[in-house]
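A short reminder: the numbers here are calculations on the coordinates, not readings from a lab. Keep in mind that what you see is a predicted model, and the values were worked out from it rather than measured. Here Cβ is always computed from backbone atoms with ideal geometry, including for glycine, and neighbour counts include all displayed protein chains.
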Amino acid sequence: MRRAGVLLALLAPAVNLAAPPACQRLTEEDGLQPLAGCHLEQGRLSLDAAARARLDYDNLGLAAVYAGDSFHYVSRQGRTQAVITWDNGPDYVEEGLLRGRVGERIAYFDAALAQAVPGTYDFGWPFSDGIAQVCNGCRRGTPDGDGHTPMEGGEWFHIDRQGRRVADPTGR
């Protein structure tokens with residue numbers, strides 16, 4: 001038994017205990033892959049030209065990078081925006097808008113990563129038929145067995161694409 005412990009102690013340094021890379025690019029084929037030439041400083045993602053050239057851009061001209069416990073979209077022009085994680089990846093563009101982070105708040109951005117609706121919400125659902133349900137004062141609940149985290153409490157209401165409150169489409 002003592003030999004097994006010594007053998008494990010000798011093998012332990014061979015295990016890769018290094019921290020994950022500062023940035024990882026998301027690829028369709030291989031998932032997250034290390035990305036050199038990228039760093040996150042005070043919440044802002046910065047990539048050099050060589051790093052931007054290695055990204056896999058979609059048909060909207062956006063590529064996904066994971067850094068600092070968050071996904072970020074990067075445009076071909078180098079513009080970046082932190083977005084919420086949804087279905088284990090970066091948020092989807094729905095009706096031309098995606099949900100991004102402005103500090104701890106949620107805002108909506110267009111595919112060029114320009115802010116379309118100010119970041120004044122604690123949470124927001126994607127747009128559907130020109131409106132989105134958002135909340136203020138809500139908080140994360142307890143994740144379920146599948147890892148989905150509900151949003152609980154707060155004031156829930158609907159907004160249009162300009163961020164104006166609109167009536168509940170279900171009439172409630």
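What the table shows:
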| quantity | calculated |
| --- | --- |
| Of all residues making up segment 54-101, the number that are of a type in the set (A, V, I, L, M, F, W, C) and in contact with a Pro (Cβ under 6 Å, 6 or more places away or on another chain) | 3 |
| Among the candidates Arg44, Arg99, Arg140, Arg79, residue that is of a type outside the set (Gly, Ala, Ser), in contact with a Ser or Thr (Cβ under 6 Å, 6 or more places away or on another chain) and more than 19 Å from Gly31 (Cα to Cα) | Arg140 |
| All positions within segment 97-115 that are crowded, with 19+ Cβ neighbours inside 10 Å and either in contact with a Lys or Arg (Cβ under 9 Å, 6 or more places away or on another chain) or not in a strand (DSSP E or B) (or both) | Leu97, Ile106, Ala107, Tyr108, Phe109, Leu113 |
| Test: residue in segment 83-92 that is surrounded by 19 or more Cβ atoms within 10 Å (Cβ to Cβ) and out of contact with any Lys or Arg (no Cβ under 8 Å at 6 or more places or on another chain) | yes |
| Residue within segment 99-109 that is charged (D, E, K, R), in contact with an Asp or Glu (Cβ under 7 Å, 6 or more places away or on another chain) and in contact (Cβ under 8 Å) with a residue 24 or more places away in the chain present | yes |
| Given (1) closer than 26 Å to Ala132 by Cβ; (2) in contact with a helix residue (DSSP H, G or I) (Cβ under 9 Å, 6 or more places away or on another chain), index of the condition Arg25 fails | (1) |
| Flag if Asp30 is more than 30 Å from Gln162 (Cβ to Cβ) and touching a Lys or Arg at 6+ places or on another chain (Cβ under 8 Å) | no |
| Residue count for segment 70-82, restricted to those that are surrounded by fewer than 19 Cβ atoms within 10 Å (Cβ to Cβ) and touching a helix residue (DSSP H, G or I) at 6+ places or on another chain (Cβ under 7 Å) | 1 |
| Residue tally, condition part of a loop (DSSP other than H, G, I, E, B), acidic (Asp, Glu) and surrounded by 11 or more Cβ atoms within 10 Å (Cβ to Cβ), over segment 141-172 | 1 |
